[in-house]
Amino acid sequence: MNDAADRTGPRTSPATAEPGGGRSAVRAGGTRRTVTRRPPDRKERIVTAAAELFRDRGYHNVSVADVAGAVGITAPALYRHFRGKPDLLAQVVDRTVGTVTAATSDATDLDAYLAAAAAHSIERRGAAVIWQREARHLPEEHRERSRQELSAAAGRLGELIGTERPELTAEDRTLLAWAVLSVAGSISWHRTSLPRRRFEEVLRRLASAAVRCELGTADAAADDGGAAAGPGAYAALAVSRREEILGAAIRLFDERGFQSVSTDDIGEAAGASGPSIYKHFPTKTDLLIAGVVRGGEQRRAGTERALRTPGTPEETLGRLLRSYVDFALGHGHLIGLILGELDQLPEKERRSSRQAQREYLALWGRLYEETRPGTDPAEARIVVSAVLTVVDNAVRTGRLGARPDLGDRLVELGTALLRSH
């Protein structure tokens, strides 16, 4: 977004004007001077630049000066449009949510929506990161208003789905609507790309597979080589004071963000005093490291169970899907920690965690490519990301997470996406 021609400040010539602005000659006391008008889209450009910076660096790591510099203006010029960084974040989130709600309101039918959503998700790549990670820093009443708007958008999308599949219950229409929104948002969490036309085609195909997924077919009693051990089965740990503190920290870091949580907050949530926390964790960063390590251990345990039994690539991929669904159902806050807080880790731990994440995704990608020979590796990564994002979002989305049959429904959705080629 850097545009050197839009910089404010001293100019070498009074005739210089900003792009999109204009000049007018004015005589005051017999002296000719030039008045430069601001470009009419400056506010939009500021919001766009802020959205990109918040997505790439995180809200707390971006200053007003950073945003101003990305637009090519001074910080005082930015303050003519926004009261400060919190106001700027509010505008970014409102625009992000507004794009989703407008797409569902404007769609005339389901196919039209799926096509438009694929295009918009590519054009506004990163929108899901803004909502899921950065909106945590808004006041609760603002976040609640945005949540209600997104829920209304999912409801409208559910109605479009219902016109095509009238046999679905309202609960299932809502689940499929959120799955479609998750597919669109899944590309926010990675930078893998395809040629534009092909990219849109893949996203439409995945969203269509979610819409047309047959629900109620999964066998909840299937053992699949021991992979399906049930939600939370990998974390049967004794609840000690240390575990209470760590559990509270993981939840708060997920809900508010690492930088917005103090050790006093954690102590209060765990019913422990500050000195008690320091007996187990010398610093707040040690709590974050322990939480991320915990997430990796729990997921790795499920992966090992899924790979234990020999089988075809498709069978193994199915067990891996079931293991991830089980992990997600029992560890929603750990997923939030892995998604949103790795950048807050010290460099050594951050590199190690990101490497573990890459290896996990590579495992999924290899298995998927084996089930679909000739698949472009980039396309495989996009499909895998969509599957995992549908699972992650469902277990962390309000009433969806309370469905007693959610695990089986997510296995069905994930399978539909993996077979959508």
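Every number here is computed from the coordinates shown, using simple stated rules; none is lab data. The model shown is predicted, which means the values in this text are computed figures rather than measured ones. Cβ coordinates were reconstructed from backbone atoms using ideal geometry, including for glycine residues, and neighbour counts include every protein chain displayed.
Descriptive notes on the structure:
- Distance between the modelled labels on residue 165 and residue 273, one decimal in nanometres: 5.6 nm (7 Å Cα→Cβ projection).
- Relative to the Cα centre, the charge distribution of segment 51-151, modelled as +1 at Lys and Arg Cβ and -1 at Asp and Glu Cβ, gives a dipole magnitude of about 420 debye.
- Residue 359 versus residue 402: modelled label distance in nm, points set 7 Å from Cα along the beta carbon direction: 4.0 nm
- 18 Å cut-off, amide nitrogen to a point 7 angstrom out along residue 201 Cα→Cβ, residues in segment 346-379: 372-379
- Counting only GluC sites (Glu not before Pro) that DSSP places in a loop and that have at most 12 other Cβ atoms within 10 Å, the longest clean stretch of the chain runs over 215-421.
- Size of segment 351-421 as Cα extents on the principal axes (Å, biggest first): 37, 33, 14
- In segment 107-186, the inverse of the mean reciprocal separation of distinct Cα atoms equals 13.5 Å; this is its Kirkwood hydrodynamic radius.
- Counting every C-alpha pair in the chain, the share spaced more than 26 angstrom apart comes to 60%.
- Long-range tail of P(r) for segment 281-395 (Cα pairs > 16 Å, %): 62 percent
- Average Cα contact separation per residue, the chain, under 8 Å, 6 or more apart, as relative contact order %: 15 percent
- Given in Å, the Rg to one decimal and the Dmax to the nearest whole number for the Cα atoms of segment 247-301 are 11.1, 33.
- Between residue 352 and residue 375, full extension at 0.36 nm per residue minus the direct alpha carbon distance yields a gain of 5.4 nm.
- Full-stretch length increase - residue 285, residue 301 - with 0.36 nm per residue and alpha-carbon distance subtracted: 3.3 nm
- Rounded Å value of the spacing that divides the Cα centres of segment 40-95 and segment 398-421: 37 Å
- A quarter of the convex hull surface defined by the alpha-carbon atoms of segment 262-342 gives 6.3 nm² as the mean projection.
- In terms of Cα atoms, the Rg and Dmax of segment 70-111 work out to 15.3, 46 Å.
- Span from the segment 301-323 Cα centroid across to the segment 107-158 one, whole angstrom: 33 Å
- The Stokes-Einstein estimate for segment 42-194, based on a Kirkwood radius over Cα pairs and taken at 20 °C with 1.002 mPa s viscosity, is a diffusion coefficient of 130 µm²/s.
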